[in-house]
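The values are calculated or read from the model by the stated rules, or taken from the named source; none is laboratory data. Keep in mind it's a predicted model, so treat the numbers as computed, not measured. Glycine gets a Cβ as well: all are built from the backbone with ideal geometry, and neighbour counts include every protein chain shown. Surface areas here come from the heavy atoms of the whole protein model, side chains and all, with no ligands, DNA or RNA. Shrake-Rupley method; radii C 1.70, N 1.55, O 1.52, S 1.80 Å.
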Amino acid sequence: MQWDKIQKYLNKRGWSLLKLSKISGVPEGTLKEYKFKKTDPSFKNACKVADALGVSLDELRGDKDEVNTRR
């Protein structure tokens, strides 16, 4: 998952990491690891973040166009 995609959605909504944490249920410290240590979230946490932001996992991963073009 690319953090810059998550950050784009946070900025768009005016959300902090704390707010994302509260809405997603993913601890703020864990989100900071994803952001600053560039670690990848578990599938479960990636789903929670995507759901909180109201986007698909493909959008967060940057695969939206790729998925739409596969047949």
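For the range 35-58, a residue qualifies if it is assigned to a helix (DSSP H, G or I) and within 9 Å of the chain's Cα centre (by Cα), and the qualifying residues are ASN45, ALA46, CYS47, LYS48, VAL49, ALA50, ASP51, ALA52, LEU53, LEU57. Filtering the range 38-51 to residues that are open to solvent by 40 Å² or more (accessible area, probe 1.4 Å) and touching a helix residue (DSSP H, G or I) at 6+ places or on another chain (Cβ under 8 Å) leaves LYS38, THR39, ASP40, LYS48, ASP51.
The residue list LYS22, LYS35 contains one member that is over 18 Å from ARG61 (Cα atoms) and surrounded by 13 or more Cβ atoms within 10 Å (Cβ to Cβ), which is LYS22. Against the conditions (1) modelled with pLDDT of 95 or more; (2) touching a helix residue (DSSP H, G or I) at 6+ places or on another chain (Cβ under 8 Å); (3) surrounded by fewer than 17 Cβ atoms within 10 Å (Cβ to Cβ), LYS64 satisfies every one except (1). Scanning the range 1-31 for residues being of a type in the set (S, T, N, Q) and under 13 Å from GLY54 (Cα atoms) gives a total of 1.
Is it the case, given these coordinates, that GLY54 is open to solvent by less than 50 Å² (accessible area, probe 1.4 Å) and at pLDDT 90 or above? For GLY54, the condition - open to solvent by less than 50 Å² (accessible area, probe 1.4 Å) and at pLDDT 90 or above - is not met.
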